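Notes to accompany the following structure.
The values are calculated or read from the model by the stated rules, or taken from the named source; none is laboratory data. Worth saying up front: this structure is predicted, and the values here are computed from it rather than measured. When we count neighbours, we look across all protein chains shown, and the Cβ atoms used for this are built from the backbone with ideal geometry, even at glycine. Surface accessibility is based on the protein's heavy atoms, side chains included, excluding ligands, DNA and RNA. Shrake-Rupley method; radii C 1.70, N 1.55, O 1.52, S 1.80 Å.
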Amino acid sequence: MEKTENEKKASAVSDVGAWAMNITSSVGIIMANKQLMSSSGFGFSFATTLTGFHFALTALVGMVSNATGLSASKHVPLWELLWFSIVANISIAAMNFSLMLNSVGFYQISKLSMIPVVCVMEWVLHSKHYSREVKASVMVVVVGVGICTVTDVKVNAKGFICACTAVFSTSLQQISIGSLQKKYSVGSFELLSKTAPIQALSLLIFGPFVDYFLSGRFISTYKMSYGAILCILISCALAVFCNISQYLCIGRFSATSFQVLGHMKTVCVLTLGWLLFDSEMTFKNILGMILAVVGMVIYSWAVELEKQRKTKVTPHGKNSMTEDEIRLLKEGIEHMNLKDMELGDNNKV
């Protein structure tokens, strides 16, 4: 059973839509947070608590969606949700500490290192192998983004430990998103709606103390203004789209693809910073961005080439069903048994 031409086109359009949503919302949230947190803006320096607000709104959207029947709910063991939420929250806190304790240069290097770390972890955990073209394109992206973002590089013991923790936990979290969706046959939005309440509750409880350690101030001492409230609401709204699109992208592709193509956000942020905030744009920045974009194009080509090679190995006469065939079969069975029920996004994994 093979996909029709229309199905392939619809799948490609939805894939592009998921990436576009992620890049747009991610860049938008960075711009909103820059205005909210910068000293020239509203000086709201409580990043961990703000992330708690983000997940609280995401959880609310998920609850409304489930209550109105727009999405269904499948069982995922509570211990799996708790484990995932702990890893995700460690990732958030470690990223904040890494940014505080390290120079911007070393922080950027630690973020770049997530690509090879994700590759190694997928190889260890899921026995995933990569072609030479994919490996080469990953290196081009890493070098390109490194050229345009890395400046001064200073390392200290505490910062190094926080950076390593951030890289490991973030990589594990992103790999887990895809594996949990496949393991329990849950949709991306459905999984997010299950984990968001746990993350929101824990971040809103412990977040203020993490922020106090980072900034020396409790959020209760901050004087809210209408402008700050508006920025927080915009940031939270964009975070909902950002969270949903992240789960969609990793569910549809892989954690490695999400990391590689996700660096398009870095290029967009640098460009918008130059256009909107008078950031410096040097020849080095431009060269690095061009190289990064070229690497992303090569990566997309390399992944497509790898897919074509795999299909040529077993073009006909297959002894086992593909994931797409199993998914289509499930959809047929569910439509026969539940004719009038709205299943939402459960099968688009």
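Okay, here's what the table says:
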| item | result |
| --- | --- |
| Protection proxy ranking, peptides 60-67, 135-142, 196-203, average beta carbon neighbours within 10 Å, highest first | 196-203, 135-142, 60-67 |
| Estimated FRET transfer efficiency when R0 is 41 angstrom, pair Tyr184-Met224 (beta carbons, to 0.05) | 0.50 |
| Ranked packing of 26-34, 118-126, 50-58, most packed first, by mean Cβ within 10 Å | 50-58, 26-34, 118-126 |
| Carbon plus sulfur fraction of accessible area for region 161-220, probe 1.4 Å, in percent | 75 percent |
| Cα centroid separation - region 12-64 against region 151-203, whole Å | 16 Å |
| Estimated vicinal HN-Hα couplings, Hz - region 47-53 in sequence order (Karplus 6.51, -1.76, 1.60; Gly, Pro = x) | 5, 5, 5, 4, 5, x, 4 |
| Of Lys74/Lys183; Lys111/Lys223; Lys128/Lys182; Lys111/Lys284; Lys158/Lys223, those spanning more than 21 Å from alpha-carbon to alpha-carbon | Lys111/Lys223; Lys158/Lys223 |
| Per residue value of the accessible surface for region 75-212 (all protein chains in place, 1.4 Å probe), Å² | 45 Å² |
| Extension gain from Met100 to Ala20, taking 0.36 nm per residue of separation minus the Cα-Cα distance | 25.8 nm |
| Val64 paired with Thr271, simple spin-label distance in nm, labels 7 Å along Cα-to-beta-carbon | 3.2 nm |
| Cα gyration tensor shape for region 100-221, rounded if a/c is under 1.5, else prolate or oblate | oblate |
